[in-house]
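S.K.: What follows is a structure written as structure tokens; I'll ask about it next.
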Amino acid sequence: MVENEDNAPVFCEKYCIVCKGAREGNKICKAIQNIELKIFGKNGCIWGAARTKYYGVTPDKKLPVNSKKNKQKQNGRSK
């Protein structure tokens, strides 16, 4: 399903101030993200949709701890 597994969509996960803040529990970021999800749909913006496609988790949810791709991301390794 993933076109290029070596290039994980990192913007939503690490750099997006709205998504990252919302996942960390910031109330203002959560409110902004909820508006974004209502406008763009359940996958959010293009970066959120890429994150959903790659990890299988919507932008408002944290990555599963036991995910194989999450472990590769934490270790800085790729296949």
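S.K.: Using beta carbons and a limit of 8 Å, which pairs, at least six apart or on different chains, have the first residue in the range 41-58 and over 19 Å from Ile17 (Cβ atoms) and the second one acidic (Asp, Glu) and loosely packed, with under 13 Cβ neighbours inside 10 Å?
M.R.: Note: no pairs meet the criteria.
S.K.: So, one more: When the range 25-70 is examined, which residues are found to be of a type in the set (Asp, Glu) and either part of a helix (DSSP H, G or I) or at pLDDT 95 or above (or both)?
M.R.: Residue satisfying the conditions is Glu36 alone.
S.K.: Kindly establish whether Lys38 is in contact with a helix residue (DSSP H, G or I) (Cβ under 8 Å, 6 or more places away or on another chain), free of Cβ contacts under 8 Å to residues at least 40 places away in the same chain and surrounded by fewer than 19 Cβ atoms within 10 Å (Cβ to Cβ).
M.R.: So Lys38 does not fit the description; no.
The values are calculated or read from the model by the stated rules, or taken from the named source; none is laboratory data. None of these values were measured; they are calculated from a predicted model. Note that we place each Cβ from the backbone using ideal geometry, even for glycine, and neighbour counts take in every protein chain shown.
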